[in-house]
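I have placed the structure first, in the form of structure tokens, so that the comments after it can refer back to it.
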């Protein structure tokens, strides 16, 4: 019996899909997620200030993604629904990053196997706990595999190179300014220019904030933090013993992001 | 059992990914309608005083914001069902709502409304306008009309800081919806008639948030004085009214110690003048 015309072995199909997805992701810019003393900071190189790569999912849970915008946006919206309905049905404390990561894993896995075109995305789901030990960072790839990361994670275009630079700079218990510097350095090619502030999307999950821990850092505040964290300045030691006050939200009329160019997720 | 419990982690029927509207309520309505307060089967007979009722809430604008306060009593007929219930809820960073009427439905509605506002904010990346928030609440109250006709009525009072106008705003409702914007002050619940009478004489449009908190506490005391369903401050158990202040700095619930200070100031003065402060005649 001969093979039917046009038959492609399953291995080949999966390989092709994985290659396709990897290529798609490699065209975009990178993002990093890392722990600092008061929580978790997300730093993304994003030319658009209107289309976010970083977002709030729930009280303690944040989301970061790279790749094709419409695909990770669908995942983000689905995740928000999942979190809100579970928090509403049960209790707000019952919404966990692990549950959300499982949901994403199942669906990314299903999409990878069943549809012709896999999602060209990589996402991170992070949850801030009451202490650094309770923080959780999950990284999910286009085929639905989940990795439980410790301390930091890089994804996107040149993920490997970015991860190496991130590992070099990272240490436990950094202040926010230092963590920002490490993140921005990791996103900067050696000898290249750091992404301008207007192209940095930054947000934190600050464990000391009440109600919702997620906070976007934009505008003057971000510039201030970046200036403080500039490599030229000596890294200041935070005062021992005292907890840093939680970051305050910018005010009711502060836009979550200024308007700007649209990043299609396809690089420049 | 709700349909969503049967789904494997969720996306099987594309429910979470079918990203239609930014309204959480619309989503719940199609996904697990039995979770919504207003969409339950009709009751065999109307409910009366058997279920606990929440009582008086007052709200008043002040310099740069708005103050809302609620007493701590819920009643079932002539019984006091709870003496430390909380009826003023933070709904987002710049708004809050108080409930009067059926306590359980009110609590549920406050919880749902908070998720509704947050859901929109997370999905759209912007907060709703104050009108948008007030209208949304009106729809929820209107959806509850069939239940209200069966005795499970809820009437909220909504207060928010409007960043565009830079002042506080107050919206009232009836069982069929609303919203009705109230300038200055308003009160809801069984003791509202007395509270409004009190506020009418004590309200000063440009009072500081601290003074307005005291004014609201005075109004609640006057309501408790004449309405059996409204609870006065419980000095022995240290149960004080819930007082929330919303300004440009966001929602802030006054800590118990601060409310206690206001209450004691008021009680001291009432030892000599039991009817409270008097307004000048001319």
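The values are calculated or read from the model by the stated rules, or taken from the named source; none is laboratory data. The structure presented is a predicted model; accordingly, all values stated were derived computationally and were not measured. Glycine gets a Cβ as well: all are built from the backbone with ideal geometry, and neighbour counts include every protein chain shown.
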Inset, instruction - Answer yes or no as to whether residue B:134 is more than 25 Å from residue A:57 (Cβ to Cβ), out of contact with any helix residue (DSSP H, G or I) (no Cβ under 6 Å at 6 or more places or on another chain) and at pLDDT below 90. - result: no
Inset, instruction - Would you mind stating whether residue A:76 is under 15 Å from the mean Cα position of the chain (by Cα) and without any contact (Cβ under 8 Å) to a residue 40 or more places away in the chain? - result: yes
Inset, instruction - Test residue B:191 against the stated conditions and say whether it is under 17 Å from the mean Cα position of the chain (by Cα) and free of Cβ contacts under 8 Å to residues at least 24 places away in the same chain. - result: no
Legend entry - Residue check, residue B:46 within 14 Å of another protein chain (Cβ to nearest Cβ), surrounded by fewer than 21 Cβ atoms within 10 Å (Cβ to Cβ) and modelled with pLDDT under 85: no
Legend entry - Count - residues of segment A:149-161 that are under 14 Å from the mean Cα position of the chain (by Cα) and over 26 Å from residue A:246 (Cβ atoms): 5
Inset, instruction - Just give me the residues in segment B:257-282 being more than 13 Å from residue B:217 (Cα to Cα) and within 23 Å of the chain's Cα centre (by Cα), in sequence order. - result: B:257
Inset, instruction - Just give me the residues in segment B:147-160 being within 30 Å of residue B:206 (Cα to Cα) and touching a helix residue (DSSP H, G or I) at 6+ places or on another chain (Cβ under 8 Å), in sequence order. - result: B:155, B:156, B:158, B:160
Inset, instruction - Just one of (1) over 15 Å from the mean Cα position of the chain (by Cα); (2) more than 14 Å from residue A:138 (Cβ to Cβ) trips up residue A:45, so point out which. - result: (1)
Inset, instruction - Enumerate the strands (runs of 3 or more DSSP E) found wholly within segment A:32-137, keeping only those where 2 or more residues are closer than 16 Å to residue B:121 by Cα and within 14 Å of chain B (Cβ to nearest Cβ). - result: A:54-58, A:61-67
Inset, instruction - Would you mind stating whether residue B:195 is in a helix (DSSP H, G or I) and under 27 Å from residue B:134 (Cβ atoms)? - result: yes
Inset, instruction - Take residue B:91 and decide whether it is within 10 Å of another protein chain (Cβ to nearest Cβ) and either at pLDDT below 85 or under 30 Å from residue A:103 (Cβ atoms) (or both). - result: no
Legend entry - segment B:155-193: number of residues that are surrounded by 19 or more Cβ atoms within 10 Å (Cβ to Cβ) and modelled with pLDDT under 90: 1
Inset, instruction - Please verify whether segment B:179-186 includes one or more residues that are part of a loop (DSSP other than H, G, I, E, B) and closer than 27 Å to residue B:274 by Cβ. - result: yes
Legend entry - Within segment A:1-31, tally of residues that are in a loop (DSSP other than H, G, I, E, B) and farther than 30 Å from residue A:181 by Cα: 9
Inset, instruction - Answer with yes or no whether residue B:198 is farther than 19 Å from residue B:246 by Cβ and at pLDDT 90 or above. - result: yes
Inset, instruction - Could you tell me whether any residue of segment A:220-233 is within 14 Å of chain B (Cβ to nearest Cβ), touching a helix residue (DSSP H, G or I) at 6+ places or on another chain (Cβ under 8 Å), modelled with pLDDT under 90 and closer than 30 Å to residue B:92 by Cβ? - result: no
Legend entry - Residues that are within 19 Å of residue B:40 (Cα to Cα), within 14 Å of another protein chain (Cβ to nearest Cβ) and free of Cβ contacts under 8 Å to residues at least 60 places away in the same chain, drawn from segment B:94-117: B:107, B:110, B:111, B:113
Inset, instruction - Mind telling me which of the residues A:164, A:113, A:177 ends up being more than 16 Å from the chain's Cα centre (by Cα) and over 26 Å from residue A:22 (Cα atoms)? - result: A:177
Inset, instruction - Kindly establish whether residue B:122 is within 14 Å of chain A (Cβ to nearest Cβ) and either surrounded by fewer than 19 Cβ atoms within 10 Å (Cβ to Cβ) or farther than 29 Å from residue B:208 by Cβ (or both). - result: yes
Inset, instruction - Kindly indicate which of A:143, A:135 is surrounded by fewer than 19 Cβ atoms within 10 Å (Cβ to Cβ) and in contact (Cβ under 8 Å) with a residue 60 or more places away in the chain. - result: A:143
Inset, instruction - Inspect all residues belonging to segment B:253-267 and state whether any of them is out of contact with any helix residue (DSSP H, G or I) (no Cβ under 7 Å at 6 or more places or on another chain), surrounded by fewer than 16 Cβ atoms within 10 Å (Cβ to Cβ) and closer than 25 Å to residue B:102 by Cβ. - result: no
Legend entry - Unique match (being away from chain A (no Cβ under 14 Å), more than 17 Å from residue B:220 (Cβ to Cβ) and surrounded by fewer than 19 Cβ atoms within 10 Å (Cβ to Cβ)) among B:63, B:134, B:138: B:63
Inset, instruction - Return yes or no: is residue A:148 in contact with a strand residue (DSSP E or B) (Cβ under 9 Å, 6 or more places away or on another chain), in a helix (DSSP H, G or I) and loosely packed, with under 14 Cβ neighbours inside 10 Å? - result: no
Inset, instruction - Filter segment B:141-174 down to the residues that are in contact (Cβ under 8 Å) with a residue 40 or more places away in the chain and part of a loop (DSSP other than H, G, I, E, B), then identify the one that is farthest from residue B:93 (Cα to Cα). - result: B:150
